[in-house]
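The values are calculated or read from the model by the stated rules, or taken from the named source; none is laboratory data. Quick caveat: nothing in here was measured; it's all calculated off a predicted structure. Virtual Cβ from ideal backbone geometry, glycine too; neighbours counted across all protein chains shown. These area figures cover heavy atoms from the full protein model, side chains too; ligands, DNA and RNA do not enter into them. Shrake-Rupley method; radii C 1.70, N 1.55, O 1.52, S 1.80 Å.
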Amino acid sequence: MAEDLPRRVKVAWSDDLSHDSEEERERERLAQLERELAEIPVKPEYPPEDLEKLVTFIMKMTTLYDLRETDWTPETKNGIEEWILEPKSLMLCIYFNGDVLKAGFDIPLTPVYDLMYFIRQPDFVFKVETFHDDIIFGTFVDSVESNMIQILETVYAPYFFAITTWPDSVKSEFCSHIHTFLAKLTDMYYKMLGITVLYIPREGQQLSFEQASGDRELVKRLEGVVVYWTHQIKSCLEDHASVSSQKELLCPSDEYDFWVYRHENLNALLYQLQNPAVKHITKILVTTHSTFIHQFQTLCEEIVQKIKEASSNIEFLQVIKHPCAVLECVVDPDEISKHIPQIINLFRFIWKESLYYNSEARITNLFKALSNQIIILCRNYIQLDDLFDGQTKKALGEFSKCIDCCKKYREIYDVMAEAHTEENPGTWELDTGAIFNYIDSFIQRCFDMLDVCNCMIIFGRIDELEKINKPLFAGARGDQFEAKCDQIEKLFNSALGNVRNVVPVILDVQAPAWYDDILHFRTVIKDIEIIIENLVESVFEGVNHVEEAVVALYSLHNYSKRKNLKRIFKRKTAEVWGMFSDEVQDSKKDMVSNRGQFPADLPSFAGRAVVLRMRKNRLVYLKKVMTDASVWMMQCSNSEDVIMHVNRLMGAIDVAIRELWISWTHNLDDKCGAGLNRTLMRKSAENVGLMECNMDVNILDLCKEAAHWENLGLDIPVHAYQVYMKSKTLLYVYENVLAVVKGYNKILDALSDEERLLFKPLIHVSTK
């Protein structure tokens with residue numbers, strides 16, 4: 001039976017230094033391997049109920065993350081049975097491969113979260129009664145440090161400490177290095193977990209302090225451990241304030257949590273010092289009058305005082321816990337300023353009443369934490385993703401709100417500090433530079449992003465509230481100018497893409513890399529501004545009159561919103577108003593120099609009035625163009641003067657038209673209608689035998705004058721109006737008379753004198 005199998009004798013050949021040479025040790029090792037291979041163990045046989053019990057033991061001893069009863073599949077149980085029935089298999093590993101629980105004889109080749117191992121001696125057969133005494137088991141987790149500490153401290157270190165075959169100097173040096181390594185590894189591992197843990201060596205624990213005191217090498221090794229303990233305790237005691245990393249900003253609640261952590265850590269450290277093993281080591285070093293034990297004992301006594309300090313600080317910081325928790329829930333930056341006065345007053349209360357927290361350094365840290373909290377709230381309020389998705393106006397409002405919030409915080413602080421100083425002069429001397437360093441940096445970054453938002457609107461035409469059209473230009477060089485605008489957009493979009501790539505550091509006041517990024521962005525914007533200035537100059541080279549100038553300004557108007565470009569657009573706006581003023585002056589000169597001129601197809605008085613009205617209409621049109629453009633065009637200092645001159649000139653034109661009308665009416669004969677009584681035709685005095693129109697030309701001129709004056713909106717005298725009412729008939733008659741006269745004269749011109757004699761009676765009748 002399996003119970004009768006003999007136990008093999010373990011040969012620890014590697015610890016035996018009595019061999020004469022390395023060759024002999026190698027020969028013995030090979031002989032041992034041959035003997036092991038020659039032995040053929042008999043596989044054990046278990047009753048079904050015993051085998052089931054052994055499998056159940058292993059299942060109950062297995063501890064893995066999220067292990068459930070349903071995870072034990074038949075395949076997993078079969079793997080455990082195979083290992084129990086195979087004495088040659090030294091190790092059983094149980095682990096999750098994905099979501100499937102596995103049981104195998106080898107360590108998995110793929111990474112796993114945790115692993116349970118069971119180990120037995122070679123060819124050892126388990127018994128149900130002694131299974132828990134014979135099995136070696138443990139758990140590997142994803143922490144390399146934890147696994148290493150566990151194996152070294154519990155498996156290898158005791159083995160090395162128990163070696164008696166090594167020379168004392170070799171063993172002492174080796175064991176000292178083991179202690180140092182385990183002390184540092186333990187300290188590092190538990191520091192990452194947030195606690196201070198002392199490495200307590202197992203060496204010398206089985207000896208009385210009198211026996212241990214006699215081993216000088218052991219005492220030296222224990223002194224090294226105590227020196228490291230002293231270093232750990234000193235570091236723990238000197239840790240008076242929480243330190244923020246490059247990825248976080250500490251808030252008032254973090255200050256409270258730090259003191260809670262410090263209180264727990266110090267209590268845990270004090271608890272460790274009560275360990276009998278620590279007291280045993282301390283007694284050994286006291287007995288040997290070690291020079292290192294005095295400082296260690298002094299620090300141990302100081303821990304009690306530091307625990308008292310931490311308890312007091314927790315008690316006072318408790319008062320700000322709720323107000324700060326309320327502040328942390330604020331979403332809108334406009335609401336932050338309502339909570340700040342109460343929190344600052346609580347800071348003052350702690351400053352005045354606390355025994356341990358009344359230093360300027362610690363109160364400054366509280367204010368720095370409050371500043372950090374405000375920055376975090378503002379940073380959470382700002383949605384940079386929305387900005388780069390095109391919501392520029394929304395982002396402008398967010399950044400402006402955050403800037404106002406930070407400024408209000410500074411104003412509230414200054415007012416309360418001044419009030420505190422008036423009550424207790426010289427007691428409020430905090431480092432405002434340290435308190436508002438991050439606040440000022442955050443405000444500057446908000447201003448940087450305001451600049452980016454404005455550039456997105458101006459150069460990228462990115463606006464969620466209105467559509468900004470692409471600049472369009474007329475003329476032969478229009479395509480060239482539009483291509484230049486496309487180039488500007490491409491340059492800007494490239495620079496904007498670089499800013500978008502560094503979104504995580506934009507509002508991170510602890511990341512100085514942003515200053516290089518914004519500097520590069522502004523360099524590109526400066527180049528774009530130079531390109532736009534040259535573009536504006538080129539566009540205005542082809543401008544010849546006011547309308548073209550206004551259209552050119554309107555095409556480039558979106559660029560004028562840029563502060564650095566206002567100068568050139570202000571100059572060009574002044575040039576446009578100057579062009580308008582020049583045209584007004586030219587109209588004034590023309591009106592004076594060409595006062596008596598009028599178109600040949602127009603009557604004398606009304607013709608001059610029509611020319612004046614055309615000039616006025618031109619001025620009215622240009623005035624309307626400039627007035628409408630003033631809505632979006634930049635302000636110009638002489639614009640009001642130009643409009644005033646235009647109004648005066650238009651008034652002068654109206655006066656001149658009125659004077660021409662008066663002159664015309666004065667020249668009218670009261671009996672102007674008498675000409676209507678004349679015959680329509682008469683014999684020509686110059687061309688004998690021919691006919692000519694006998695209608696009064698003045699009547700026709702009167703009708704023409706009256707028609708134009710009517711179009712000009714002026715009244716026509718009654719006696720002239722009576723004639724003008726018949727203008728259509730008169731014109732019709734006049735044209736028909738001219739047609740008859742022309743036809744008659746054409747016929748007579750075609751007849752010779754002899755032929756005329758033939759038609760003499762008819763001619764005589766027609767000319768009567």
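Do we find that residue 611 is part of a helix (DSSP H, G or I), more than 17 Å from residue 553 (Cβ to Cβ) and touching a residue at least 24 places away in the same chain (Cβ under 8 Å) in this structure?
Here the answer is no, as residue 611 does not meet what is asked.
So which of 524, 631, 543 is open to solvent by less than 70 Å² (accessible area, probe 1.4 Å), under 27 Å from residue 484 (Cβ atoms), within 35 Å of the chain's Cα centre (by Cα) and β-branched (Val, Ile, Thr)?
524 is the lone residue from the list that is open to solvent by less than 70 Å² (accessible area, probe 1.4 Å), under 27 Å from residue 484 (Cβ atoms), within 35 Å of the chain's Cα centre (by Cα) and β-branched (Val, Ile, Thr).
Looking at (1) among the hydrophobic types (A, V, I, L, M, F, W, C); (2) modelled with pLDDT of 90 or more; (3) in a helix (DSSP H, G or I); (4) surrounded by 15 or more Cβ atoms within 10 Å (Cβ to Cβ), find the lone condition where residue 325 falls short.
Evaluating residue 325 over (1) among the hydrophobic types (A, V, I, L, M, F, W, C); (2) modelled with pLDDT of 90 or more; (3) in a helix (DSSP H, G or I); (4) surrounded by 15 or more Cβ atoms within 10 Å (Cβ to Cβ) leaves (4) as the failure.
For region 567-582, indicate whether the set of residues that are under 30 Å from residue 527 (Cα atoms) and touching an Asp or Glu at 6+ places or on another chain (Cβ under 7 Å) is non-empty.
Checked region 567-582: at least one residue is under 30 Å from residue 527 (Cα atoms) and touching an Asp or Glu at 6+ places or on another chain (Cβ under 7 Å).
Please find, among 443, 412, the residue that is assigned to a helix (DSSP H, G or I), under 26 Å from the mean Cα position of the chain (by Cα) and hydrophobic (A, V, I, L, M, F, W, C).
Just one listed residue meets the conditions, 443.
Regarding residue 186, is this residue surrounded by fewer than 19 Cβ atoms within 10 Å (Cβ to Cβ) and modelled with pLDDT of 80 or more?
no
Hey, does region 330-341 have a residue that's open to solvent by less than 10 Å² (accessible area, probe 1.4 Å), of a type in the set (Val, Ile, Thr) and either within 18 Å of residue 251 (Cα to Cα) or touching a His at 6+ places or on another chain (Cβ under 6 Å) (or both)?
Yes, region 330-341 has at least one match.
Checking residue 70 against (1) open to solvent by 50 Å² or more (accessible area, probe 1.4 Å); (2) without any contact (Cβ under 8 Å) to a residue 24 or more places away in the chain; (3) outside any helix (DSSP H, G or I), which test does it fail?
So residue 70 meets the others, but not (3).
Within region 400-407, can one find any residue that is assigned to a loop (DSSP other than H, G, I, E, B), of a type outside the set (Gly, Ala, Ser) and either open to solvent by 20 Å² or more (accessible area, probe 1.4 Å) or touching a His at 6+ places or on another chain (Cβ under 8 Å) (or both)?
no
Could you list, in sequence order, the residues of region 291-312 that are free of Cβ contacts under 8 Å to residues at least 60 places away in the same chain and under 17 Å from residue 259 (Cα atoms)?
Correct list: 304, 305, 307, 308, 309, 310, 311, 312.
Conditions tested, residue by residue: (1) assigned to a helix (DSSP H, G or I); (2) modelled with pLDDT of 75 or more; (3) surrounded by 13 or more Cβ atoms within 10 Å (Cβ to Cβ).
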site: 695; (1), (2), (3): no, no, yes
site: 698; (1), (2), (3): yes, no, yes
site: 709; (1), (2), (3): yes, yes, yes
site: 716; (1), (2), (3): no, no, yes
site: 719; (1), (2), (3): yes, no, yes
site: 723; (1), (2), (3): yes, no, yes
site: 729; (1), (2), (3): yes, no, no
site: 736; (1), (2), (3): yes, yes, no
site: 740; (1), (2), (3): yes, yes, yes
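Any residue at all in region 116-125 that is in a loop (DSSP other than H, G, I, E, B) and within 16 Å of residue 55 (Cβ to Cβ)?
Among the residues of region 116-125, at least one is in a loop (DSSP other than H, G, I, E, B) and within 16 Å of residue 55 (Cβ to Cβ), which makes the answer yes.
Report, by residue number, each residue of region 546-587 that is under 13 Å from residue 475 (Cα atoms) and open to solvent by 50 Å² or more (accessible area, probe 1.4 Å).
Hits for region 546-587 are 548, 551.
For residues that are open to solvent by 80 Å² or more (accessible area, probe 1.4 Å) and in contact with a Lys or Arg (Cβ under 7 Å, 6 or more places away or on another chain), tally how many sit in region 588-597.
0
Quick check on region 42-62. Is at least one of its residues in a loop (DSSP other than H, G, I, E, B), modelled with pLDDT under 70 and either in contact with a Pro (Cβ under 8 Å, 6 or more places away or on another chain) or not polar (S, T, N, Q) (or both)?
Yes - at least one qualifying residue is present in region 42-62.
Would you confirm whether any residue within region 92-109 is β-branched (Val, Ile, Thr) and part of a loop (DSSP other than H, G, I, E, B)?
Yes, region 92-109 contains a residue that is β-branched (Val, Ile, Thr) and part of a loop (DSSP other than H, G, I, E, B).
Testing residue 431 on (1) surrounded by 16 or more Cβ atoms within 10 Å (Cβ to Cβ); (2) closer than 22 Å to residue 374 by Cα; (3) acidic (Asp, Glu), one condition comes back false. Which one is that?
(1)
Taking residue 466 as the residue in question, decide whether it is of a type in the set (Asp, Glu), part of a helix (DSSP H, G or I) and under 24 Å from residue 550 (Cα atoms).
So residue 466 does not fit the description; no.
Going residue by residue through region 143-157, is there one that turns out to be of a type outside the set (A, V, I, L, M, F, W, C) and in a loop (DSSP other than H, G, I, E, B)?
yes
Is it true that residue 489 is part of a helix (DSSP H, G or I), open to solvent by 20 Å² or more (accessible area, probe 1.4 Å) and within 30 Å of residue 584 (Cβ to Cβ)?
When the stated conditions are applied, residue 489 does not pass them.
Look at region 154-168 and say how many of its residues are open to solvent by 40 Å² or more (accessible area, probe 1.4 Å) and touching a residue at least 24 places away in the same chain (Cβ under 8 Å).
Of the residues in that region, 4 qualify.
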